[in-house]
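Contents: one structure, followed by commentary.
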Amino acid sequence: MTKNQAVLNWLEEMKALCNPEKIVWITGEEAQLEALREEACATGEMIKLNQEKLPGCYYHRTAENDVARVEDRTFICTPTKEEAGPINNWMEPSEMYAKLNKLYKDSMVGRTMYVIPYSMGPVGSPFSKIGVELTDSIYVVLNMVIMTRVGDKVMEALGDNADFVKCLHAKRDVDPEERYIVQFPQDKTIMSVNSAYGGNVLLGKKCFALRIASYLGMQEGWMAEHMLILGLENPKGEVKYICAAFPSACGKTNLAMLIPPEYLKEKGYKVWTVGDDIAWLRIGPDGRLYAINPEAGFFGVAPGTSVKTNFNALEATKKNTIFTNVAINNDDNTVWWEGLDKNPPVNATEWKGALVNGKEYTEAGNKLAHPNSRFTAPAINCPCISSEFENPMGVPVSAIVFGGRRAKCAPLVYQSRDWEHGTFVGATMASETTAAAAGAVGVVRRDPMAMKPFVGYNMASYWQHWLDMGKKLGDKAPKIFHVNWFRKDENDDFMWPGFGDNMRVLNWILDRCDGKVGAKECAIGYVPDVADIDVEGLDMTTEEIEALLSIDNKVWLEDVENIKEYFAQFGDKLPKEMADQLATLEGNLK
Ligand code: GTP
Ligand code: SPV
Ligand code: MN
């Protein structure tokens, strides 16, 4: 299949280790993929859905213990612990290799090892990077084909170059006690074992495009970020690009595909999607920051996705999509999840596989779909996919937005004073945990730049890299903002309608970038004047907007104490600028 000696040598080694019955190269040809789909349906690994209503769509159910990323079993194996930093799990590389090699030994006896050459980013773009994933799961192959650019064209682009990321995945018996998701940044190697779920096994995604790529970016002078990329078109037809970093299950896919409120749509405002999860950012020839989406599909959260909340995402899932851990409507062999509509199917199979009366089942408080159930949909299915989606040079970024789920602390939106302060705003982000990772849900934790689970080296060095990038960008740097769609009132209800109405906030952000609107400078940065948040057609009072924009100094000072403790663990690696920014914030609040 290839003459690339580096690939062949590594393949021989992995073959000897895993001992598969046969090797199959994924070429990218439709006939091969169709045969794999048939095989997966024959073994029960996948279920073919209603091909009239959902052409090319399939269903997959994972093991009950294997439904989300596992952060406590994810490791960054750098030669020293300091390189991985205090918030990553670390093990000395040779020790980890020895441990893993035992788990992979003969793990594929009687099974097929699929070889997936893939490109993150358009094949041949100067932004792009190549990986080769070896896996014994057809589900992984078929997801990788949607999520990345796969096949012979990638091997051609690689040529005889040895520069590719080595990715090995073995499903084994999905034993959670022996599950490991391991990155070796210096070796450009990823090893994943005992899982068959999403971010744990689609190794191009979080493992490569964030953990390995963030490390490469630090060395090579670019950035890999957990960010959506959207283009906002104004009535004059001008498009400006925004990148936004929100933690997992905090609204990236939704914002990336936003449909403006009716009256803004009528005026001619539109949103174009470039990416919904990951951005690779480089300084372009004109000195501005440019972004590409290294992925080719969306691995989106299903629950909450509806015609009303995210029409475009729903449209994207109507063909050639794989659904994982949602519910099946047995009347017509289609899919359902909480929030799709108000009619759970009576004749349903819930995500674990039990036949239930979906109406009674949900009325009793059970969930038919797993909260982290997902769709894997090709990006080209999305009605609002940007014309720049395949642009090998990326799109110029005007604004960077941070955000998370903060019931009390953060206002609807504020702007940082400059790049350095914006880096601090990102570094001190916090959010309530979600079902996207195993563990408790709804606990506030610090999640710098939404990268806590994804940074491939010491978080403090990563902040230093942000500061260095800002110095290189100078006055061409994007402006940095923070948003919070999730503020709650005393009745625990969201105070902001969110979804399409978030466009009102994006307009304020771009107006700020263009110097078209003023703002109030306060302790935390620039906050909008109440009158500048456009509420036309919204059933909201001035007092409600004031409350959304308000800052409670007491709550913020408590947060400052928490940040002090958080920063302390980085010792003298913490950039001085971050400590200074914290002192300024505390002084301002007092
Ligand atoms: P990952 O794929 O895990 O990285 O998640 P994501 O950041 O893309 O989150 P996504 O857009 O899938 O949204 C996750 C959940 O948040 C869904 O249940 C949405 O319905 C909900 N959500 C998204 N945007 C908003 C919003 O503006 N307001 C409210 N209240 N909920 C939202
Ligand atoms: C996330 O958890 O941020 C995701 C899903 O986008 S996963 O691919 O599982 O990481
Ligand atoms: Mn994500």
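A crude spin-label estimate for the pair Asp493 and Asn562, with each label 7 Å from Cα along the Cβ direction, gives 2.5 nm.
Report, as a whole number in µm² per second, the diffusion coefficient that Stokes-Einstein gives for segment 332-428 at 10 °C and 1.306 mPa s using the Kirkwood radius over alpha carbon pairs. Approximately 87 µm²/s, per Stokes-Einstein. These residues, Arg487, Arg445, go from largest to smallest accessible area, 1.4 Å probe, as Arg445, Arg487. Going down the list Lys308/Lys554; Lys236/Lys476; Lys352/Lys488, which pairs span over 29 Å between their C-alpha atoms? Long pairs (Cα-Cα over 29 Å): Lys308/Lys554; Lys352/Lys488. The listed residues Met46, Met1, Met91, once ranked by accessible area (1.4 Å probe) with the largest placed first, stand as Met1, Met91, Met46. Per-residue accessible area (protein heavy atoms, 1.4 Å probe) orders Ile545, Ile23 as Ile23, Ile545, starting from the largest. Solvent-accessible area of the chain (1.4 angstrom probe, protein heavy atoms only): carbon and sulfur portion equals 50 percent. Rounded, prolate or oblate, given the Cα gyration tensor of segment 436-512, with a/c below 1.5 counting as rounded? Oblate is the answer for segment 436-512, as a/c is 1.5 or above yet b/c matches or exceeds a/b. With the whole protein complex present, Asp286 retains an accessible surface near 60 Å², based on a 1.4 Å probe.
Principal semi-axes of the equivalent ellipsoid, √(5λ) from the alpha carbon gyration tensor of segment 409-461, are 22, 16, 7 Å from largest down.
Counting only heavy atoms of the protein chains and using a 1.4 Å probe, Lys265 has close to 90 Å² of accessible surface.
Each Cα pair under 8 Å and six or more residues apart adds its separation to the average, and for the chain the resulting relative contact order is 14 percent. Taking all protein chains as shown and a probe of 1.4 angstrom, Ile328 keeps an accessible surface of around 10 Å².
The distance separating the Cα centre of segment 1-52 from that of segment 491-513 comes to 45 Å. Please work out, to two decimal places, the log10 of the ratio I(q)/I(0) at q = 0.09, 0.19 Å⁻¹ from a Debye calculation in which every Cα of segment 202-341 carries one identical scatterer. Per q value, in the given order, log10 I(q)/I(0) is -0.33, -1.17. Between Asp332 and Lys102, full extension at 0.36 nm per residue minus the direct alpha carbon distance yields a gain of 78.3 nm. Spin-label pair Lys267-Asp187: with each label point 7 Å from Cα along the Cα-Cβ axis, the two points sit 5.6 nm from one another. Sequence-distant contacts, meaning Cα pairs under 8 Å at least 6 residues apart, place the relative contact order of segment 489-590 at 26 percent.
Entry note, segment 111-264: relative contact order of 15 percent, from Cα contacts under 8 Å with a spacing of 6+ residues. Per residue, the chain exposes 38 Å² of accessible surface when a 1.4 Å probe is rolled over the protein heavy atoms with every protein chain present. Counting charges near Asp341 (Lys, Arg +1; Asp, Glu -1) among other residues having Cβ under 13 Å from its Cβ returns a value of +2.
Distances between every pair of Cα atoms in segment 261-335, grouped in 5 Å steps from 0 to the bin holding the largest one, split as 3, 11, 16, 19, 15, 13, 11, 7, 2, 1, 1, 0 percent.
Counting residues in segment 313-389 as N, plug N into 2.2 N^0.38 Å and put the Cα Rg over that result.
This ratio for segment 313-389 stands at 1.21.
Cα gyration tensor of segment 116-220, axes a ≥ b ≥ c as square roots of the eigenvalues: rounded (a/c below 1.5), prolate (a/b > b/c) or oblate? Because a/c hits 1.5 or more and a/b fails to exceed b/c, segment 116-220 counts as oblate. Legend: distances between Cα atoms for Lys129/Lys479; Lys166/Lys573; Lys153/Lys205; Lys471/Lys576; Lys240/Lys516; pairs beyond 24 Å are Lys129/Lys479; Lys166/Lys573.
Pop out the Kirkwood hydrodynamic radius of the chain from its pairwise C-alpha distances, inverse of mean 1/r, in Å to one decimal.
Hydrodynamic radius (Kirkwood, Cα pairs) of the chain is 24.5 Å.
Which of rounded, prolate or oblate describes segment 457-562 when judged by the alpha-carbon gyration tensor and an a/c cut-off of 1.5? Oblate.
The values are calculated or read from the model by the stated rules, or taken from the named source; none is laboratory data. Since we're looking at a predicted model, the values are computed, not measured. Note that we place each Cβ from the backbone using ideal geometry, even for glycine, and neighbour counts take in every protein chain shown. For accessibility, only protein heavy atoms count, side chains too; no ligands or nucleic acids. Shrake-Rupley method; radii C 1.70, N 1.55, O 1.52, S 1.80 Å.
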